[in-house]
Amino acid sequence: MSMLGEVALVTGASRGLGEATARALAAAGAAVMLTARSEQRVAAIAQEIRSAGGRADSIACDVSDYASMVRAAERAAEVFGPVTILIANAGVIEPIAHVATSDPAEWARAIAINLVGGYNSVRCVLPGMLDRGRGAIVNVSSGAANHALEGWSAYCAGKAGFTSFSNVLAHETGGRGLRIFAFSPGTIDTDMQGTIRASGMNPVSKIPRESLRPVSHAVDAILYLCSPAADDLAGGVISMNDENFRKRIGVN
Ligand code: NDP
């Protein structure tokens, strides 16, 4: 699947799904701007991509800070040209706590990253995409958007909000050349799942590591959604738990 000519902005690219997606997009020919708060980590990954012959750069960015997100999009445009693909992937699972004993500041911080951060990421690239009548946006949400999971009130509420935001975004921009998705990657083997296992809270923490889906499956799905092959799915909520979707993209 060729991504030649595309300029991808990936948030949360310092590890896990974001890192793997950035590497795959670059391997497929896209120019990739990697962003996360861990400046050295995204810089090192971008350097590895360049050493392997790909096009990549990086900038430190906190998605909860709109100005920081704008700087990242501007940097991508300066170095590679206007962003044509946004992977709004940055997210946090914490705080894992019962509502009654949760810390209000930590709760609000999770919403600021998982929901407001997603909005910020989209907001800074959307006008350009609309002007050019072209672009793909994958809003990385979660099955938790639709399930009540003990201890995850901030995460569930943030992801439910982000899926709803994505649906409104698709509704508002329909027919204008954009491909927009809310994407649920399934339970994948990343550091976030390690944090969840360590918490011992709710059934997700009991899933053995060997039962988790490999990150590569979700990466394959995201690249598919960024391609014209997914045109007929545009505007939808896509889940790796959907057997028909998995069959369509050729993963188990
Ligand atoms: P990881 O915890 O492994 O990685 C999260 C990434 O988000 C890191 O790169 C982190 O970088 C970045 N990030 C966190 N906060 C911010 C912030 N304020 N600004 C910028 N970047 C930030 O998680 P995964 O790779 O597992 O998760 C990726 C996405 O997939 C998340 O949105 C998650 O909710 C979602 N998801 C994951 C599932 C799973 O099973 N793993 C299941 C369902 C959904 P840094 O700390 O350097 O800023």
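Seen from residue 235, the other residues with C-beta closer than 13 Å to its C-beta sum to a net charge of -1, counting Lys and Arg as +1 and Asp and Glu as -1. For the chain, the 222 nm mean residue ellipticity estimated from helices alone, with every DSSP H stretch of n ≥ 4 adding -39500 (n - 2.57) and the total spread over all residues, rounds to -14000 deg cm²/dmol.
Amide H contacts of residue 32: 8, 55, 56, 57, each under 5 Å away and 5 or more positions distant or on a separate chain (H built 1.01 Å from N in the peptide plane; Pro and chain starts excluded). Positive end of the charge dipole of segment 1-54 (Lys, Arg +1 and Asp, Glu -1 on Cβ, about the Cα centre): tell me which of 22, 45, 4 has its Cα farthest that way. Working it through, the farthest residue towards the positive pole turns out to be 45. Here the accessible area of the chain is 51 percent carbon and sulfur, with a 1.4 angstrom probe and all protein chains present. The figure for residue 239 is an accessible area of roughly 30 square angstrom, using a 1.4 Å probe on the protein chains alone. In segment 121-252, the alpha-carbon atoms span a convex hull of 109 Å³ per residue.
In terms of overall dimensions, the C-alpha atoms belonging to segment 7-249 reach 47, 38, 34 Å along their principal axes, ordered largest to smallest.
Using the Cα atoms as the points, what is the convex hull volume per residue of segment 182-252 in Å³? Mind showing how you got there, number by number?
Numbers: hull volume 6.6 nm³, N = 71.
Looking at segment 182-252, the number lands at 92 Å³ per residue.
Taking amide H as placed 1.01 Å from N in the peptide plane, the amide H of residue 184 sits under 5 Å from that of 141, 238, 239, 240, each at least 5 places away or on another chain.
Residues whose amide H lies under 5 Å from that of residue 179, counting only those 5 or more places away or on a different chain, are 135, 136, 137; hydrogens are built 1.01 Å from N in the peptide plane.
The values are calculated or read from the model by the stated rules, or taken from the named source; none is laboratory data. Keep in mind it's a predicted model, so treat the numbers as computed, not measured. Please note: Cβ atoms are built from the backbone with ideal geometry, for glycine as well, and neighbour counts cover all protein chains shown. Ligands, DNA and RNA are stripped out before the accessible areas are found, and what is left, the full protein with its side chains, is counted by its heavy atoms. Shrake-Rupley method; radii C 1.70, N 1.55, O 1.52, S 1.80 Å.
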